[in-house]
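Peer 1: Quick one: this structure, given as structure tokens, is what I'll be asking you about.
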Amino acid sequence: MKRLQGKVALVTGSGGGIGRGIALRFAREGAKVGVLDLLPAPCQQVVDEIRAQGGEALALPCDISREEQVKAAVDELSRAYGDITVLVNNAAVMPSGRLHETSVADFDRCVAVNLRGTFLVSRAVIPGMLRVGTGSIIHMSSVTGLLGLPGITAYSMTKGGLAALARAMSTDYARLGIRVNVVSPGTIDSPMLHAFVAAQSHPEKIRQEFDEMHPIGRVGKIDEVASVFVFLASDESSFVTGANYTVDGGLSVKGTQPQDTPDA
Ligand SMILES: NC(=O)c1ccc[n+]([C@@H]2O[C@H](COP(=O)([O-])OP(=O)(O)OC[C@H]3O[C@@H](n4cnc5c(N)ncnc54)[C@H](O)[C@@H]3O)[C@@H](O)[C@H]2O)c1
């Protein structure tokens, strides 16, 4: 028996990166997957990959900060496969900069996608979970929501907010069959990391620093994050709610070092 057989899963931001990895793993474990992202082409590409490996998936182009688009995407997935029983709130944007360097427009977009988007998608999905009396909601946070890594203030604030949101939701829905957890990865070997490293003046040095920052001695792999999502989505985690799983090679135990702090 596959670990997610019978589940209908919606994964936001799954047109690429870690979300794509989670969608592919969910499908391999038997879930029917809604692949939601901003643009149709990346969604369709991941759907094609899932179908090629024998799974079932639906492309759902959608901006999660727009209520009417979210409602349409959730309705479409529910019509196709039945009520959604697993929700991964993975989509996010990451403007860089300390507080005084962050534009108001970047701040507003970060809140609109990372927090309002998670609120809107959860709000649209929860009535179906209540109807069937079961559900697992997993918010994608980051160790920066726990630690405060330098130069990504608005992003860190939203990631901390998602951890608080998961705790609040977990108490509200614990008796109603819906579990709510949060995952906080360290740095992951992903297109987002590759793009960041490539833009630096000494890419190899920066890449090495990312590896060394994590006590395990390397950054994480997408599949190592996806494994935790499979566990939290499955009935194996039936007594787990309100938890914050760090998947960070020990980074949050070590904490940030003084040399990580940028100059004024
Ligand atoms: N890569 C890392 O090292 C790392 C570490 C910790 C946490 N995370 C978190 O993991 C998640 C995935 O990150 P990633 O590295 O795959 O980055 P990514 O940028 O590749 O993935 C984010 C996805 O969200 C989508 N998205 C953005 N705005 C959207 C919107 N309004 N509506 C719908 N989709 C939207 C993007 O198109 C993109 O496909 C994010 O929540 C990120 O904060 C990543």
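The values are calculated or read from the model by the stated rules, or taken from the named source; none is laboratory data. All figures in this text were calculated on a predicted structure; none of them were measured in a lab. Heads up, the Cβs are rebuilt from the backbone with ideal geometry, glycines too, and the neighbour counts pull from every protein chain shown. For the accessible areas, the whole protein counts, side chains as well, though only heavy atoms, and no ligand, DNA or RNA atoms are used. Shrake-Rupley method; radii C 1.70, N 1.55, O 1.52, S 1.80 Å.
Peer 1: In terms of Cα to Cα distance under 29 Å, which lysines are near enough to LYS159, apart from those fewer than 8 places away along the same chain?
Peer 2: The reachable lysines, counting only those whose Cα sits under 29 Å from LYS159, are LYS7, LYS32, LYS71, LYS205, LYS221, LYS254.
Peer 1: Continuing with this model, one more query. Order the peptides 238-246, 68-76, 56-64 from the highest to the lowest mean number of other Cβ atoms within 10 Å of their residues.
Peer 2: Values: 238-246: 15.6, 68-76: 17.6, 56-64: 22.7.
Ranked from most to least packed, the peptides come out as 56-64, 68-76, 238-246.
Peer 1: Moving to a separate point now. If we count every other residue with Cβ under 9 angstrom of VAL46's Cβ, Lys/Arg +1 and Asp/Glu -1, where does the sum land? Before the final figure, lay out each step's value.
Peer 2: Details: positive: ARG20; negative: ASP37, ASP48, GLU49.
Every neighbour counted, the sum reads -2.
Peer 1: Could I ask something else about it? Counting only heavy atoms of the protein chains, get the accessible area per residue of the chain (1.4 Å probe) and round it to a whole Å² value.
Peer 2: Values: 12460 Å² over 264 residues.
Normalised by residue count, the accessible surface of the chain is 47 Å².
Peer 1: Moving on to the next point. Shape verdict for the chain, please, from the Cα gyration tensor: rounded (a/c under 1.5), prolate (a/b greater than b/c) or oblate. The partial results should precede the final answer.
Peer 2: Details: a/c = 1.58, a/b = 1.54, b/c = 1.02.
Verdict is prolate for the chain.
Peer 1: Would you mind putting 191-201, 19-29 in packing order, based on average other-beta-carbon counts within 10 Å, highest first? Write out the running numbers ahead of the final one.
Peer 2: On the way: 191-201: 12.4, 19-29: 25.6.
Listed from highest to lowest mean packing, they are 19-29, 191-201.
Peer 1: Of the peptides 205-213, 178-186, 93-101, how do they stack up when ordered by the mean number of other Cβ atoms within 10 Å, highest first? It would help to have the intermediate numbers written out before the result.
Peer 2: Numbers: 205-213: 14.8, 178-186: 25.3, 93-101: 13.2.
Order by mean packing, descending: 178-186, 205-213, 93-101.
Peer 1: Additional query: Would you mind telling me the share, in percent, of accessible area of region 137-246 contributed by carbon and sulfur at probe 1.4 angstrom? Let's see the in-between values first.
Peer 2: Details: 2980 of 5170 Å².
The nonpolar share, carbon plus sulfur, comes to 58 percent.
Peer 1: Another one. For ALA168 and ARG131, calculate 0.36 nm times their separation in residues minus their Cα-Cα distance, and state this gained length in nm to one decimal.
Peer 2: Gain on stretching ALA168 to ARG131: 11.3 nm.
Peer 1: Could you work out how far apart the two model spin labels at ASP108 and GLU76 are, taking each label as a point 7 Å from the Cα in the direction of the beta carbon, and quote it in nm?
Peer 2: About 2.7 nm, to one decimal.
Peer 1: Take the Cβ-Cβ distance between LEU39 and ILE206 as r, set R0 to 30 Å, and report the resulting FRET efficiency rounded to the nearest 0.05. Walk me through the numbers before you get to the answer.
Peer 2: Details: r = 29 Å, r/R0 = 0.96.
Efficiency, from the Cβ-Cβ distance: 0.55.
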